[in-house]
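The next block holds one structure in the form of structure tokens; read it before the comments.
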Amino acid sequence: MSDIAAPITRRPERPGRATVATAAASVTRWACKLAGHAGQVLPGRVALRINPAYLAELSSNRTIALVSGTNGKTTTTAMLAAALRPHGPVASNASGANMLGGLATALLDSHAGRAALEVDEQYLPSAMREIRPAAVLLLNLSRDQLDRVGETRATAQRWRETVAGSDAAIIANADDPLVCWTAERHPRVTWVAAGRVWGPDGSICPWCIHPLDTAAGPGTASGGWRCGHCGATRPDPDWTITPTEPHGNASLRGPHHAALPLRPALPGAVNLGNAAMAIAAAATLNVPAPQALRAACEIDEVSGRYATAHDDGRTVWLLLAKNPAGWAATLDLIADRDDPVIISINAAQADGHDTSWLYDVPFEQLRARLVIATGARADDVGVRLGYADVPHRTVHAGIRQVLRELPTGTITLIGDYTSFRDARTALGARLTSVPATTPGAVEDTRDHAA
Ligand SMILES: [Zn+2]
């Protein structure tokens, strides 16, 4: 579109090296395909090794939005890309390869003039320096695996320093106090009341380290907050969702239009917030809000998440949860169901080896459900469930055998990244809508509880 934010033009540096980098990336892509790999990271990584300025060169003359946060990156990026797409092609790292090599590969693979890219929260500062995006979406910040991500406050400090010096439009979640702290020194912030499903990391005032008063506490989607000590308070949001219940008739109100019905195809309160962030960002990039909303709400699958598999009379709903905030959102999503729950944690390298975060997940909510703990770290899950007084069995077996431990009917499986990926492959999951639970499934399976 012609009136979209003006791209930043740079003088290309060292064209010789750029040519070599492009050629090396092409060869790497070809080699990846030959070896049966998707090649979503390596081509970009090789090119950056040859030409460290390559990401900046690939970004010049493009309008790019970066999406970062602990949770919701992939979904919000997919929604934003969909919202931008009616106005022409959009480059995106839809597979979730969100470090610098993945970003470079996504831009190498497409000549689109616009891009929506998710960025690992640790890499956001370097990505912003290289890419000089037109817009940056700051979703949330909360704890993740400590060995992989480190302390939340340290990440927030790096965001704060980078955001203050950026000329991008910032679209930030006003309900997350830590996000507000990272963005407060930027002159052009669009605030979105996008909700907060897990509160502990946002319960302390980032300015004065005193406890915050929250208008609606952790566990709800509404995240009003105020510090009684220093007076810091939630910024007045430009975009609000009313009401915040996912099954109600939610609507989205923005600065320049009346409330619009907000009904994302993806389930849960968390996806109302993801959609609101994507729509606000698209509007910042001059896409009319009703049009952006329509496109964002049509997204019904993201990298195979919310997939359903059928196996020998069992319907398995596969969900991905990687950290306390993701788990809180997922447990909220399944709160109305009564089917058995399989919890699979591998804590492999891609997941982060640290499992201490299991103790920050409110597993107590599963006390009335039949639960099986499995995965390479099944014993860790079992100990945690024991402390939460959740009746469960611990099963060391492949996913198909685990399913045999349960009667036919509907089953929910929640796994970390590698568990989810492996289960999806093993079961040949297809993308379908949320399966209805089978009445009586819990009663039928009580014998299996420990
Ligand atoms: Zn304070």
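The values are calculated or read from the model by the stated rules, or taken from the named source; none is laboratory data. Quick caveat, the model's predicted, so the values are computed rather than measured. Reconstructed Cβ throughout: ideal geometry from the backbone, glycine too, with neighbour counts over all protein chains shown. Each accessible area value is taken on the protein alone, full model and side chains, heavy atoms only, with ligands, DNA and RNA left out. Shrake-Rupley method; radii C 1.70, N 1.55, O 1.52, S 1.80 Å.
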Keeping all protein chains in the complex and leaving out DNA, RNA and ligands, what accessible area do you get for HIS229 with a 1.4 Å probe, in Å² to the nearest 10? 120 Å²
May I ask you to derive the FRET efficiency for ASP213 and GLN291 from their Cβ-Cβ distance with R0 = 60 Å, giving the value to the nearest 0.05? 0.95
What is the magnitude of the charge dipole of the chain about its Cα centre, with +1 placed on the Cβ of each Lys and Arg, -1 on the Cβ of each Asp and Glu, and no other charges, expressed in debye to the nearest 20? 1460 debye
I'd like to know which of ILE131, LEU66, ASN173 lies farthest towards the positive end of the charge dipole of the chain, counting +1 on Cβ of Lys and Arg and -1 on Cβ of Asp and Glu. ILE131
Once a ≥ b ≥ c are taken as the square roots of the eigenvalues of the Cα gyration tensor of region 57-297, is the result rounded (a/c under 1.5), prolate (a/b larger than b/c) or oblate (a/b not larger than b/c)? oblate
Would you mind classifying region 307-448 by shape? Square roots of the alpha carbon gyration tensor eigenvalues, ordered a ≥ b ≥ c; an a/c under 1.5 is rounded, otherwise it is prolate if a/b is larger than b/c and oblate if not. rounded
The answer for TRP225, listing residues at least 5 apart or on another chain whose modeled amide H is closer than 5 Å to its amide H, is ALA215, ARG234
Can you give the extra length, in nm with one decimal, that the chain gains between ALA397 and HIS353 once fully stretched, where that is 0.36 nm per residue apart less the Cα-Cα distance? 13.9 nm
Out of all DSSP beta bridges in the chain, what portion is antiparallel? Express it as a percent rounded to 5. 30 percent
Rough spin-label spacing in nm, given labels placed 7 Å along Cα→Cβ, for ARG367 and SER251: 3.9 nm
In nanometres, the difference between 0.36 nm per residue of separation and the alpha-carbon distance of ALA265 and ASP336 is 23.8 nm
Site ALA24, offset 7 angstrom along Cα→Cβ, radius 17 Å on amide nitrogen, limited to region 42-76, gives 42-58
Could you point to the residue in PRO391, LEU406, ALA350 farthest towards the positive end of region 307-448's charge dipole, with +1 and -1 charges on the Cβ of Lys/Arg and Asp/Glu respectively? ALA350
Lone Cys, the chain, Cβ cut-off 4.7 Å -> CYS32, CYS180, CYS297
Measuring from its Cα centre, region 295-392 shows a charge dipole (+1 at each Lys and Arg Cβ, -1 at each Asp and Glu Cβ) which, in debye to the nearest 20, is 180 debye
Given a 1.4 angstrom probe, I'd like the percentage of the accessible area of region 307-448 that is carbon and sulfur, rounded to a whole number. 47 percent
Dipole of region 228-317, Cα-centred, from +1 at each Lys and Arg C-beta and -1 at each Asp and Glu C-beta, to the nearest 20 debye? 220 debye
ASP312 - accessible surface, heavy atoms, 1.4 Å probe, Å² rounded to 10: 100 Å²
With a ≥ b ≥ c from the Cα gyration tensor eigenvalues, square-rooted, and the rule rounded for a/c under 1.5, otherwise prolate when a/b > b/c and oblate otherwise, region 13-52 is prolate
For the chain: accessible area per residue (Å², 1.4 Å): 41 Å²
